[in-house]
Structure formats: structure tokens, C-alpha cells
Amino acid sequence: MPTVCLKPGHVQPVWADHPWVFAQAIDRVEGGATAGDEVSVVDPRGQLLGRGFYSPTSAIPVRLLVRDAKTPIDGAFFRGRLTRAKALRQVFGLPSTDTTGYRLVHSEGDGLAGLVCDVFGDIAVVQLLTVGMKRREGLIFEALQAVMAPRAIVDRTPQTAGIRENMPVASGVVRGSQVRELCFRERGLRFEVPLDLAQKTGFYFDQRDVRARVEALSRGKRVLDTYTFVGPFSLAAARGGATEVVAVDESALGLEVAAECARLNGFQDRIRFGRQDARKALQEAGQAGGYDLVIVDPPRYAPSRSAREQALQAYAKLAEQASRAVTPGGLLVFCSCSAAVDLASLTRALATGARRANLRAVVCERLLQGADHPVPASFAEGLYLKALVARIETR
């Protein structure tokens, strides 16, 4: 087996169970490893630290899967990891009668770095994010069939992963019957999302707990939901008793699907959808006197550490606009899905933005990704989703 040898001074994080081996930590690669090969990772003394798949074109050339020398990474391995992931979700009540859509495999959090799998009722949607996982897609699909018995398996690996890993990317149904839309429930709310709506695997299950909190806070309030996607926050607010819900997004297809989901749940007369840039909507809301509850859940601003400072500036500007869009004493739900932006940095960006608006943000709650998005204790990068619930006050 090819061997990746680490430099002195770069061993401690990997020894302490961090699953990534960064390019700058590698001294040399012995044994002629090619893209997707299984490799051993050793310290400068030759002591084994673990085994994983080799991605020579990535900034993270190895993502570790096992820590010993004996466990084979074969079909039984994938079945075992999927079975363990399924059992963990069951501990937290997933799936249930009310919630049939959830994340089954959260990459490093489930010991399957480079693999994501979301379940939509009887459909499994996968993302093969490394060339090593791509080379073993047959084993993965067979393991999914054995453990979950889905009606179909859909591959929605993003093109960005194909470019990063220098690998071909498939799209569409790879096992089972044809699929046109993803039908599922979340906390009793019905969703039907067409397969060609190109957002991640098709839905953002990580915000489930935040949406539940929005529902609990919405009674009697006028709500503005920016970056609404297919409207899950708006549906939660409407069911929670909001007197008015306005939802905006720039995607015409997303808004069409959101309106249909509102109709499925009987809220078509209680949510007003509009195609608009979120920042423009926030500006207009501020000029018109604001809303009692404003939700700001933008796309990822910092896809890498190098983009962090620029992202923080963008978050501060967005927070300024959002703070002005909240009525005095109202609530702002301010979210980030950028792993490079930690909770403290996001909070500072919110404080800066509110101050520029001559207002004050008082954080009342801090919410994170749900239990179906587990994170190893050694892997801070896995804690990517943050949501602040803040009261916006006059100074």
C-alpha cells in the first residue's frame, strides 16, 4: 500500500483524531499512489496514524477513514458505517411519521469522509466528494441498498467537487426507478422539490432546529424571510401563527416550488412570495418601518479560510441592512453556513452591522446544525452552521 509520510510538527492534529491531512503537512509519498488509491499515513518515525483515500489535486490529499492497519475498506466496511449512521439517527427520532427527510451520512461525522447522503422518504441522494469515494461508488450504492432499501439512489455530486478532485461527475438516478421530485415531511410539513432544483442534495436539513425555533417565535408577528429557497422558514412562521409572512428569493424556480409547498400545507393565502434580491428587500423593509421578525439565511460567504475576512465584511454589511429591517424590539435570525466563520466572528459581524445602523443587537439564543449533522470532537471545521437569534434595540 502506498504511504504518505508527514513532516515533523504536523502530526499532533492527525494523532488527536482530526480526519484531514493537509498538503502542507506531507513530507513525501512513497509507493506510487494515484488518485483514489487507499494509502497509509505515518508520522516521521513510521508509526501508523490511519488510512484513507488519496486526492493528489486537493488541498486535503488524504481524508482518513480508519485508524488501524487491519480493517479492510470494502463493502462490509461501508455497510457497517451506514448501519451505525442509521442507528444514530434513530436515537434522535429520525425518521418519524412527522419527519421523513433527514441526513443519513454527514461525511466525517459518520466516519465516511467524502460522502454525504440525504434521505427523502424512500429516495437516497448522495454526493461523492472525493475521487476515492467516486472510485468505490458501486460498493457505496450496494451498501445503501442493503441498509436502507431505497426506491432509488440519486447522485447529486457538485461540479465543484469534480473540478477539485479531477474526476467525472454524474447527475441523476444511478440505481432504482426514475425520480422527478423529492417528496418528504419535516415536522409534519409537506415538501415536494423537483430534482432539477440545483441546491446541494435538494434541501437544507441542517436548519431543522432553527426552523422549529422560528415557528415558536412567530405568533402574532409580521415576518420577512429572505433567501427563502423553497420556503421552509416561511411555512414554519405561518404555522406558528404569524399575521403576515413575506418571502423573497432571486430564484424563479425556487419561488414556484415554495408557492406549491405553501399550497400543499394550506398556507397559500398566508405567505406572499416575491422575486427580489434579499439585500434590496431588507433595504425596502427598513424604509417601510420594518418587520417584527426577520430571517437572514444567506448562501455560504466563505467557501475557504482565505475568503474569511472578505466574508466577515459581507456579513457585517448584511447585518447592518437586516438590523434596519427589524422593528425596534423585534427579532433577527442571522445565519451562516460558512465553516471558516466561527460563532464568535459571526457575532462580532452582527454587532458591527447593528452599530453602523445606530442600533444594538442583543443575542438571546445561539443555534447550531441538527443531530443528523454530527461532528467529531476533534474536527472543529465540521461545525459549520450557526444561527443567532437577536433582539434589535435602539441605542
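The values are calculated or read from the model by the stated rules, or taken from the named source; none is laboratory data. This one's a predicted model, so the numbers in the text were calculated from it and none came from an experiment. Methodologically, a virtual Cβ is constructed for each residue, glycine included, from the backbone with ideal geometry; neighbour enumeration extends over all protein chains shown.
Is there a residue being under 24 Å from ALA146 (Cβ atoms), assigned to a strand (DSSP E or B), outside the structural domain of LYS134 (by TED's automatic domain parsing) and of a type outside the set (Ser, Thr, Tyr) anywhere in segment 39-50? Before you say what the answer is, go through the steps one by one.
Step one: filter segment 39-50 for residues under 24 Å from ALA146 (Cβ atoms), giving none.
No, that holds for no residue.
Residues checked against (1) in contact with a helix residue (DSSP H, G or I) (Cβ under 6 Å, 6 or more places away or on another chain); (2) surrounded by fewer than 15 Cβ atoms within 10 Å (Cβ to Cβ); (3) not basic (Lys, Arg):
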position	(1), (2), (3)
ARG63	no, no, no
ALA69	no, yes, yes
ARG81	no, no, no
GLY93	no, yes, yes
VAL116	yes, no, yes
ILE123	no, no, yes
ILE140	yes, no, yes
VAL147	yes, no, yes
ALA152	no, no, yes
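Do we have any residue at all in segment 214-225 that's in a strand (DSSP E or B), in contact with a helix residue (DSSP H, G or I) (Cβ under 9 Å, 6 or more places away or on another chain) and farther than 26 Å from CYS335 by Cβ? Even if it seems obvious, please write down each step before you answer.
We begin by selecting, within segment 214-225, every residue in a strand (DSSP E or B); these are 222-225.
Narrowing further to those that are in contact with a helix residue (DSSP H, G or I) (Cβ under 9 Å, 6 or more places away or on another chain): 223-225.
Remaining after also requiring farther than 26 Å from CYS335 by Cβ: none.
For segment 214-225, residues in a strand (DSSP E or B), in contact with a helix residue (DSSP H, G or I) (Cβ under 9 Å, 6 or more places away or on another chain) and farther than 26 Å from CYS335 by Cβ: absent.
Restricting to segment 67-112, what's the tally of residues that are out of contact with any Leu (no Cβ under 8 Å at 6 or more places or on another chain), more than 19 Å from ASP209 (Cβ to Cβ) and in contact (Cβ under 8 Å) with a residue 24 or more places away in the chain?
4
Among the residues of segment 167-179, what is the count of those that are surrounded by 13 or more Cβ atoms within 10 Å (Cβ to Cβ) and either on the phi > 0 side of the Ramachandran plot or in contact with a Pro (Cβ under 6 Å, 6 or more places away or on another chain) (or both)? If you could, list the steps in order and put the result at the bottom.
Start the filter on segment 167-179 by keeping residues that are surrounded by 13 or more Cβ atoms within 10 Å (Cβ to Cβ), which leaves 167, 169-171, 173-176, 179.
Remaining after also requiring either on the phi > 0 side of the Ramachandran plot or in contact with a Pro (Cβ under 6 Å, 6 or more places away or on another chain) (or both): 176.
So the count comes out to 1.
Got a sec? Which strands (runs of 3 or more DSSP E) wholly within segment 100-159 have at least 1 residues that are of a type in the set (Phe, Trp, Tyr)?
Working: elements: 101-106, 115-120, 123-128, 152-156.
Where strands (runs of 3 or more DSSP E) fall fully within segment 100-159 and carry at least 1 residues being of a type in the set (Phe, Trp, Tyr), they are 101-106, 115-120.
Does ALA311 count as in contact with a Ser or Thr (Cβ under 8 Å, 6 or more places away or on another chain) and either among the small types (Gly, Ala, Ser) or not assigned by TED's automatic domain parsing to the domain that holds SER234 (or both)?
Numbers: in contact with a Ser or Thr (Cβ under 8 Å, 6 or more places away or on another chain): yes; either among the small types (Gly, Ala, Ser) or not assigned by TED's automatic domain parsing to the domain that holds SER234 (or both): yes.
Against the criterion (in contact with a Ser or Thr (Cβ under 8 Å, 6 or more places away or on another chain) and either among the small types (Gly, Ala, Ser) or not assigned by TED's automatic domain parsing to the domain that holds SER234 (or both)), ALA311 qualifies.
Are any residues in segment 260-307 surrounded by fewer than 17 Cβ atoms within 10 Å (Cβ to Cβ), within 22 Å of GLU192 (Cα to Cα) and without any contact (Cβ under 8 Å) to a residue 60 or more places away in the chain, and if so, which ones?
ARG263, GLY266, GLN268, ASP269, ARG272, GLY274, ARG275
Before we move on, is LEU195 of a type in the set (A, V, I, L, M), at pLDDT 95 or above and not assigned by TED's automatic domain parsing to the domain that holds HIS373?
Details: of a type in the set (A, V, I, L, M): yes; at pLDDT 95 or above: no; not assigned by TED's automatic domain parsing to the domain that holds HIS373: yes.
So LEU195 fails the test.
Would you point out the residue of segment 367-387, among those that are part of a strand (DSSP E or B) and in contact with a Cys (Cβ under 8 Å, 6 or more places away or on another chain), that is farthest from ALA85 (Cα to Cα)?
Step one: list which residues in segment 367-387 are part of a strand (DSSP E or B), which gives 367-368, 386-387.
Then keep just the ones that are in contact with a Cys (Cβ under 8 Å, 6 or more places away or on another chain); that gives 386-387.
Details: LYS386: 23, ALA387: 25 Å.
Applying the filter and picking the extreme gives ALA387.
Can you pull out the residues in segment 340-356 that are surrounded by fewer than 20 Cβ atoms within 10 Å (Cβ to Cβ) and either small (Gly, Ala, Ser) or under 21 Å from VAL214 (Cβ atoms) (or both)? Show your work before the answer.
Initial filter on segment 340-356 (surrounded by fewer than 20 Cβ atoms within 10 Å (Cβ to Cβ)): 342-345, 347-348, 351-352, 355-356.
Within segment 340-356, LEU343, ALA344, SER345, THR347, ALA351 meet the criteria.
Being assigned to a loop (DSSP other than H, G, I, E, B) and either within 22 Å of THR100 (Cβ to Cβ) or out of contact with any Leu (no Cβ under 9 Å at 6 or more places or on another chain) (or both) narrows it down to one residue among LEU197, LEU182; which is it? Let's see the steps before the verdict.
On the way: LEU182 fails: assigned to a loop (DSSP other than H, G, I, E, B).
When all the criteria are applied, what remains is LEU197.
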